Amino acid sequence: MKKLSKIWIGAGIIIVVAVITWLLSNNKEKRQITFDKAKVESANIQNSITATGTIEPVTSITVGTQVSGIISKIFVDYNTVVKKGQVIAELDKTNLISNLNTAKANLASAQSKLNYEAANHSRYKTLHDKGLVSDDEYENARLNYLQAKESVATAKETVQTAQTNLGYATITSPIDGVVLSKEVEEGQTVAASYSTPELFTIAQDLTDMRVVADVDEADIGDVKEGERASFTVDAYPNDTFEGKVTQVRQEATTENNVVTYEVVISAPNANLKLKPGLTANITIYTAEKQGVVCVPSKALRFNPSEETVGDYKIADCNGKNKVWTIEGNTLKAHQVQTGMTDGTHTEILKGAAKGTEIITGITEITGEEPQEMPQEQSPFAPGPRRNDKKK
């Protein structure tokens, strides 16, 4: 019985050893490493930021009135093309004409009083010089004459003001342009006692528009005048419009604890597609380089270890930025000097020639699905095994 038990135990041990040997040999045969590669080549790289803004005319003027009254006539409507000096509206002039006539009458009265006081002053001066009137009488006549002169000057200013106000009743366009808005109708009363009423808004040139974008404070440091910009509007989703940054305004705007700065972008509008008030989705290209030598950015993050490269040897260098190539059975590191990056590609200034094939990652094939092995070394992961031993 004991002999039979020993036989079964021995057979079991043999079976376990055989299974383990088979599994190890099977895994070794299935484990296969392949390297993902890319070539050092020319590419266009660019950095950009995004923002939203509103399209508006470069020059637009709000036309108002400095006098109160009733709108008697309006000569323009929305989208009317106007010339500088063209009459676009008139206020009722009845009261203004009456004020002017009253001012003129007061001026005539003041002038008559001045003529009398001038003659009276002249008589008193003659009598005073002969000693026939007292100094007090002469000074009184002289004072009346001077007051009459001041009254005439005041009356003239009143006439001038009345004439100016009458002129304000005729409203003209200050520029050549197009009427964008009309805020009043004939018969409406406007009051200019406290503020200037807005009657019309006139845009000077709708073929020359601009976009005023709100740029986040985190991005404003990269925005400079002259940088290229592109934008789209919902009205024409398939069209992309081009422009340039023409102004970066210094004043900050804070809304809901979000700080933004206004950036003005030119928007040529020869075909008149862009309309004032449209919302624009803007991309500002803060840095651009054409045809520079680049590598995929992930190639610079690739960091092999003995655990991941199998039977390949590693020839590392002390460079901070490096790319790896395969030379026979060895992975060799090459120190490079990097320039601009857009996140996907990184410019190579020195250390890797155009056309060089470099490693971007490792893929392990285990007999099932290919699995991409870690390309970046975590600072918390153990480093590669060292062969040197302390003696």
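The values are calculated or read from the model by the stated rules, or taken from the named source; none is laboratory data. Fair warning: this is a prediction, and the values are worked out from it, not measured in the lab. Note: ideal-geometry Cβ built from the backbone for every residue, glycine included; neighbour counts use all protein chains shown. In case anyone asks, the SASA skips ligands and DNA or RNA and just uses the protein heavy atoms, side chains included. Shrake-Rupley method; radii C 1.70, N 1.55, O 1.52, S 1.80 Å.
I'd like the distance between the alpha-carbon centres of the range 104-130 and the range 284-332, rounded to an integer number of Å.
Spelled out, the Cα-based centre of one part sits 104 Å from the other.
With a 1.4 Å probe and every protein chain left in place, work out the accessible area per residue of the chain in Å², rounded to a whole number.
About 63 Å² of surface per residue is accessible.
Quick check: net charge around residue 340, other residues with Cβ under 13 Å of its Cβ, Lys/Arg +1 and Asp/Glu -1?
-3
With every protein chain kept in the model, how would you rank 133, 87 by accessible area, 1.4 Å probe, largest at the top?
Largest accessible area first, the residues go 87, 133.
Can you spot the aspartates and glutamates whose alpha carbon is less than 14 Å from residue 113's alpha carbon? Ignore those fewer than 8 places along the same chain.
Straight-line reach from residue 113, under 14 Å: 150.
Pairs to check: 224/320; 84/244; 37/332. Give those whose C-alpha atoms are more than 21 Å from each other in this structure.
Listed pairs above 21 Å: 224/320; 84/244.
Kindly state, to the nearest 0.05, the FRET efficiency for residue 70 paired with residue 279, given R0 = 35 Å and r defined as their beta-carbon distance.
Efficiency computed from Cβ-Cβ geometry: 0.35.
Arrange the residues 209, 340 by how much accessible surface each exposes, largest first, with a 1.4 angstrom probe.
340, 209
Report the calculated FRET efficiency for residue 329 and residue 244 (r = Cβ-Cβ distance, R0 = 35 Å), to the nearest 0.05.
0.05
Among 277, 145, 221, which residue has its Cα positioned farthest towards the positive end of the charge dipole of the chain, with +1 placed on the Cβ of Lys and Arg, -1 on the Cβ of Asp and Glu, and the dipole taken about the Cα centre?
Result: 221.
With the cut-off at 1.5 for a/c, could you classify the range 48-142 from its C-alpha gyration tensor as rounded, prolate or oblate?
Verdict is prolate for the range 48-142.
Which value, in Å² rounded to 10, gives the accessible area of residue 254 with a 1.4 Å probe and all protein chains present?
Using a 1.4 Å probe on the heavy atoms, I get roughly 90 Å².
Rolling a 1.4 angstrom probe over the protein chains, ignoring ligands and nucleic acids, what is the accessible area of residue 135 in square angstrom, nearest 10?
Surface accessible to solvent at residue 135 totals approximately 100 Å².
Using a 1.4 Å probe on the protein heavy atoms, what percent of the accessible area of the range 77-132 belongs to carbon and sulfur?
After summing per-atom areas, the C and S share lands at 51 percent.
What's the local net charge at residue 228, with K and R +1, D and E -1, over the other residues with C-beta under 14 Å away?
Within the 14 Å Cβ shell, the charges total -2.
Note down the accessible area of residue 68, probe 1.4 Å, to the nearest 10 Å².
Here the residue's solvent-accessible area equals roughly 60 Å².
How much mean residue ellipticity at 222 nm does the chain get from its helices, if each DSSP H run of length 4 or more adds -39500 (n - 2.57) and you divide by all residues, to the nearest 500 deg cm²/dmol?
-9500 deg cm²/dmol
Multiply the residue gap between residue 184 and residue 170 by 0.36 nm, knock off their C-alpha separation, and tell me the result in nm, one decimal place.
Fully extending the segment from residue 184 to residue 170 adds 3.6 nm.
Tell me which of 171, 191, 246 sits at the most positive position along the dipole axis of the chain, charges placed on C-beta atoms (Lys, Arg +1; Asp, Glu -1).
246
So if I place +1 on the C-beta of Lys and Arg and -1 on the C-beta of Asp and Glu, and nothing else carries charge, what would the dipole magnitude of the chain be about its Cα centre? I want it in debye, nearest 20.
It comes to approximately 2120 debye.
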